[in-house]
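The block underneath contains the structure these notes are about, expressed in structure tokens.
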Amino acid sequence: QVQLVESGGGLVQAGGSLRLSCAASGFTFSSSTMGWFRQAPGKEREFVARIRWSGGSTYYADFVAGRFTISRDNAKNALYLQMNSLKPEDTAIYYCAAAPYYSGNAYSTEEYAYWGQGTQVTVSS
């Protein structure tokens with residue numbers, strides 16, 4: 001079965017860093033566009049970043065402002081999100097998502113066929 005398992009979330013003070021990981025199995029990871037989304041209480045799930053299958057193309061939401069870096073290791077079926085200079089407004093559940101049939105709309109949740117369970121990121125002020 002398809003599995004996407006996030007890890008690395010936790011509690012950090014504003015200005016701190018976290019590195020999220022996503023372990024993937026049950027599908028062809030190396031040919032899938034991968035993304036990170038987040039959802040804060042009372043808000044819609046929103047796009048954070050995506051990376052194409054080759055790793056050579058990355059795209060970020062404007063609010064990242066150079067603070068986050070998405071990367072992947074196809075040999076390990078792993079996706080990462082390095083988050084630096086964290087702000088309280090970054091507090092959310094972060095989800096790993098896979099788009100085996102990506103068509104170019106990185107922002108749309110409909111592009112992503114598979115989702116992880118999420119990992120909580122809490123940034124204190």
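The values are calculated or read from the model by the stated rules, or taken from the named source; none is laboratory data. Note that this is a predicted model, so its numbers are computed, not measured. For neighbour counting, all protein chains shown are included, and Cβ atoms are generated from backbone atoms with ideal geometry for every residue, glycine included. Remember, those area values only see protein heavy atoms, side chains included, never the ligands or the DNA or RNA. Shrake-Rupley method; radii C 1.70, N 1.55, O 1.52, S 1.80 Å.
Results, tabulated for the structure shown:
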{"quantity": "Residue selected from the stretch 61-77 under the condition within 16 Å of Leu18 (Cβ to Cβ) and at pLDDT 95 or above, by the criterion farthest from the chain's Cα centre (by Cα)", "calculated": "Arg67"}
{"quantity": "Matching entry among Ala40, Ala23, Ala49 (being modelled with pLDDT of 95 or more, buried (at least 19 other Cβ atoms within 10 Å of the Cβ) and not β-branched (Val, Ile, Thr))", "calculated": "Ala49"}
{"quantity": "Considering residues of the stretch 1-15 that are open to solvent by less than 40 Å² (accessible area, probe 1.4 Å) and outside any loop (DSSP other than H, G, I, E, B) only, the residue nearest to Ser125 (Cα to Cα)", "calculated": "Val12"}
{"quantity": "Extreme residue, nearest to the chain's Cα centre (by Cα), among residues of the stretch 88-112 that are farther than 20 Å from Ala40 by Cα and touching a residue at least 24 places away in the same chain (Cβ under 8 Å)", "calculated": "Ala98"}
{"quantity": "Output for the stretch 89-125, where each listed residue is open to solvent by 60 Å² or more (accessible area, probe 1.4 Å) and assigned to a strand (DSSP E or B)", "calculated": "Tyr114, Trp115, Gln120"}
{"quantity": "Hits in the stretch 39-88 (condition: in a strand (DSSP E or B) and under 22 Å from Ser103 (Cβ atoms))", "calculated": "Glu46, Phe47, Val48, Ala49, Arg50, Ile51, Thr58, Tyr59, Tyr60, Ile70, Arg72, Leu79"}
{"quantity": "Sole exception among (1) touching a strand residue (DSSP E or B) at 6+ places or on another chain (Cβ under 6 Å); (2) farther than 21 Å from Glu44 by Cβ for Ser85, by number", "calculated": "(1)"}
{"quantity": "So Tyr80, is it closer than 17 Å to Asn105 by Cα, open to solvent by less than 70 Å² (accessible area, probe 1.4 Å) and modelled with pLDDT of 95 or more", "calculated": "no"}
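Residues checked against (1) free of Cβ contacts under 8 Å to residues at least 60 places away in the same chain; (2) in contact with a Leu (Cβ under 9 Å, 6 or more places away or on another chain):
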residue: Val2; (1), (2): no, no
residue: Gly10; (1), (2): no, yes
residue: Gln13; (1), (2): no, yes
residue: Pro41; (1), (2): yes, no
residue: Val48; (1), (2): yes, yes
residue: Arg52; (1), (2): yes, no
residue: Gly56; (1), (2): yes, no
residue: Tyr60; (1), (2): yes, no
residue: Ala65; (1), (2): yes, no
